[in-house]
Structures are given as structure tokens and as C-alpha cells.
Amino acid sequence: MTSTARILAMAKMVWVEIFRKKDFYVAFILVGVVLVYAANLRFYNIQGISRYLMDLGLALIFFSASLLTILLAARQYPNELRDRTLQVLLSKPVSRFEFVIAKFLGSLAAGLTCFILFILVFLFIVLSRAGSISWVTAFQTVYLFALNLAVLAAMTSAFSYFFTLGANVTTTFILYLTINLYGGSLGTAAAGLKGPAFIAAHVAYWVIPHFEFFDARQRFVHQWPALSAPLVFEVTLYAFLYTAFFILLGWSLLRRRKV
Amino acid sequence: MKLRVWLCVCWIGAAFLAVPIAGSFAADIGHRAPTDPLYLLLGSSKEGIGDLMFLKADAYFHGGIEDTFPEETAEQLGREGVIEDHHDHDHDAHAKNRLSHWDWVGSMGERLKNVEHIHLAAKNRKELLPFFALGTALDPHNIDGLLTAAYWLVRDYEKYDDALQILEKGRRANPRSWEIDEGIGQLYYRQKQFRRSANAFIGAVHKMKRSTVDPPRRAEIYYLLADSLDHSQRPAKAVKAYRRALSMLQPSMALYTKIQKRLKA
């Protein structure tokens, strides 16, 4: 069995896990119910209002897909430890690097599958209401969020070799939300600070993965022009570097662990 | 089996107890318990969420950008597409000045977001309505929000009844607001229901006495009151109101000349 085959086999097991748990089905039903309800709202008897639906739908889908990815990636290593299957896995010809890569790839694939299923429901409902959308911007929105899931899955995976399950989920989720909300304005806020706060804010500004780069919802909802190809490439490179960094961090943390 | 019976007894007992407990709480408060479903659902955060809806409507009007643009006049609000020439400042320049040349993180963020100051085209302004509907339902105390919602409903869709409904609800929630009375008066005035507009302007004029309003603004309302009275066959009162309006204006002002012409006619 080649290294790739071993990684894919382990990743497939992670991918299957998301459909064995109830989390995905609960999120899927919730997204569907909220979207159908929101699509049936009428405002002052005026037809063709759709942006609020896109805004709400994408926010809900981004949130649900991120949460499912965090929960899945965070529980991989702790569960292997708890079930005492880690020793069995690593006693076979599976290197620690392959283990880290497989857990990351499985979590990412599961998160992407959930995201794509949510998006299909979203597109079906939005197209029945709005009639037409910009497909280029829609594709860019989906692509950039897929990059977001890659960085998020790698980050959660890396943290799982250091934190306990609960601490990892809480830390990652708070960090993710905070960066999404304030990551962009941190640089401006840092400029107004002094002393150690100035240094701490600047270090944080440069070190954190800027998840807000991967959020093109506004562009899609408000029909702005599509992003240029070089800019999409830059963001892809940014996501690739952060993903690689977190995978290597996870590997380095696992190497120090005694199994 | 016994355990299940006891579980049911406890559950039903607790459910029945909830009714007298809720009654006691209501009696303690000293007035009738709130029945508004939105209040029951959201509690005191209702108004905060309502204000967020108005801010969201403002962001939608500016192409989704949640930023603080300077206050705009009705004429400026009516302009569509990219607004480049009427601002004292250039938004792009702001963004560039804020970022130093080595701040590639900020630069990438700016390139990913739209920083142009745009106004929603008329055909797309219906997209603001969900936020006005929610905002006015959640926070009837936000007078600016109510007036803005009514303004756009009438301006783009001639939904006078819906706009009046919003303002009437606002009047009940803000009995001291002259702005809402003026808004109601304007709606009736535009529909040529002069008797009703006169009554609303009279209400606005009375309430204005308790607040500080600029003389030209006060004169404008007196002028509309006078015009409404004139059209509803009450000339003596109309002349009195015209004269009050004149007393608040400078002779160089356009409205002054307009009123003088009316008085002569």
C-alpha cells in the first residue's frame, strides 16, 4: 500500500464520519427550514426582493459549514486517543505525517461536502426567487470559502494535538469569529495604541490568518464586479501557505507526543 | 412504569404551576404583561436589533458597505450609481492614506472589498424594504429610521398607506415627536388630502414649541400648514400661518418671496 493510498484510506474514514453523526443532518434541516421560511416572506407586496435572502442564506451556510468542520477536525486526534486506536494505527506502516495529512484531508473533504450540499439548496431557493445571479461571482464566493475551510480545518487539526477537545473547539471558534469580525480593522486600531498594546496588536495583525479575505459574500449579494484573476491567485497562495503552516505545526506537535 | 408515571406527574405539575407563577410576576410588575410577540421573543434587545436593521438598510443603500458616510441631502440620496463628485472627501484616498505602503494585509483587504461610494439604483431599492419592515417593527422609537422608511416607500413605490401605517405607529410610540407629525402631514399633503395634512401640521407646530428647531425649518412647516389651510377653505387661518412663517424668514430667502406672492394673490 502506497503512502497516498494509506492517506486516502484514513481520510475516507474521517469523511464518512460526518454522515454517521447527527450534526450534519440537524444543520442541513435547519438551513433548509430557515431558507424556505425566509424565501416566503413578503414585504409591502413588492415582488423580486432577494438580496436579504442571499445575505441570510450565505451567512447561515458559512456558519454551519465552519462549525461542522471545526467539530469534526477537533475530535479526530482526541477520539483516536480515547478509543486507543492511535497506537494501532501508528504501529502499522503509517507515519505521523501521513496521519496528520489524512486527518486534515478528511476533515476538509467532509466540510466541503457539507458546504456544497448547503450551497445547492441555497442556489435552488435563490434562483427560484431572484431569477438570475452572477455565476462568476458566485463561483468566486464558493471557491474563496473552500479556501477558508482548508485553513480552518488545518488550524483546528493542528490545535487538536495540543488542546483538549473542548478547549480546541472553543478556542478555534472564538478565534475564527473574532478574526472574521475584527481582523480587517485590527491594523487601523493598532495604529492608535501605545506601548506594549501597540506591539501586541501589530504582532497579532501580522500573525493571524485573515479569514475575512475569504469572505466574498458582499460581492455576490450586492452584485459587485468579479475579482481579478491575480487577486484570486494571491488569496489562494495565502491560503496555501497558512494551510501548510498549520499542517507542519500539527506534525511537529504530534512528533513530540509519546504514543 | 412507576417512574414514567412520576415523570409525567412532575412534568404536568410544573407546567400547570407556570400559569400562576407568570400571573404573580405580572402582578408584581404592576401592569399588564407584554403581549407583543417580538418583545416576548427578543426582550429588551428588540430595539437594539431594530437599530441594527436600519444600519443594515443604510449599508445596503451604499452597496453593502458598512461605513460612516457624511449626512446626505434628499437630492444627494436620489443620485444613483457611483458617487464621485459631491463629497468633501474621497473615500479611496481615505483608504490609501490609512494604509502605510508596507501594509500588504490591509491593502489586500481593501482590494477584496469595494470602497467606492455608491448609491443603489432605483430598480434595486426594493432590497432595502425587508430591513425597513424589520427595523420599524422592532424599534418604533427610532424616529429617523421611521421617517427614512416612510420616505423610500413613498418615493419609489408610492406606498402611501404603508408609509402612513409606519408613521402612525411611530406617533403612538413617540407622542412628543413633531418630526413624525410633520411626516404624516407631508404624506397627506402629497396626496392632496389638505384637511388631514393641516391637522397633522397643527400637531407638529404645537409639539415644536417644546423643542429647539431652526427658524427656517419652523417656517417651512408653517408654510405647509398655511398652504393646507388655504386649500381646505380656511383662508383666515391660512393668512395667519403665512404671516407666522414670514416672521421667521429673511427677506433674501426664496420661501419669503414665495409666501409674499401667495399673500398678495
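Here are a few things to note about the model shown:
- Number of residues in segment B:141-159 that are surrounded by 21 or more Cβ atoms within 10 Å (Cβ to Cβ) and in a loop (DSSP other than H, G, I, E, B): the value is 1.
- Residue-level analysis places residue A:94 among those that are in contact (Cβ under 8 Å) with a residue 60 or more places away in the chain, away from every other protein chain (no Cβ under 14 Å) and not in a helix (DSSP H, G or I).
- Scope segment B:37-58; condition surrounded by 11 or more Cβ atoms within 10 Å (Cβ to Cβ), aliphatic (A, V, I, L, M) and modelled with pLDDT under 90; matching residues: B:38, B:40, B:42
- Selected residue (criterion: farthest from the chain's Cα centre (by Cα)) from residues of segment A:1-59 that are buried (at least 16 other Cβ atoms within 10 Å of the Cβ) and among the aromatic types (Phe, Trp, Tyr): A:44
- Taking the criterion of being part of a helix (DSSP H, G or I), facing another protein chain (nearest Cβ under 8 Å) and crowded, with 18+ Cβ neighbours inside 10 Å, the residues of segment A:213-232 that qualify are A:213, A:218, A:219, A:221.
- Of all residues in segment B:117-146, those satisfying the criterion of being facing another protein chain (nearest Cβ under 9 Å) and of a type in the set (D, E, K, R) are B:126, B:127.
- Selection within segment B:102-129 - among the hydrophobic types (A, V, I, L, M, F, W, C), in a helix (DSSP H, G or I) and farther than 30 Å from residue B:153 by Cβ: B:104, B:105, B:108, B:112
- Checking residue B:204 against (1) under 24 Å from residue B:159 (Cβ atoms); (2) surrounded by fewer than 19 Cβ atoms within 10 Å (Cβ to Cβ), the condition it does not meet: (2)
- Inter-residue pairs, beta-carbon under 7 Å, first more than 11 Å from chain B (Cβ to nearest Cβ) and at positive phi and in segment A:170-191, second exposed (fewer than 13 other Cβ atoms within 10 Å of the Cβ) and at pLDDT 90 or above, 6+ apart: none
The values are calculated or read from the model by the stated rules, or taken from the named source; none is laboratory data. Here the structure is a predicted model, which means the values were calculated and not measured. Methodologically, a virtual Cβ is constructed for each residue, glycine included, from the backbone with ideal geometry; neighbour enumeration extends over all protein chains shown.
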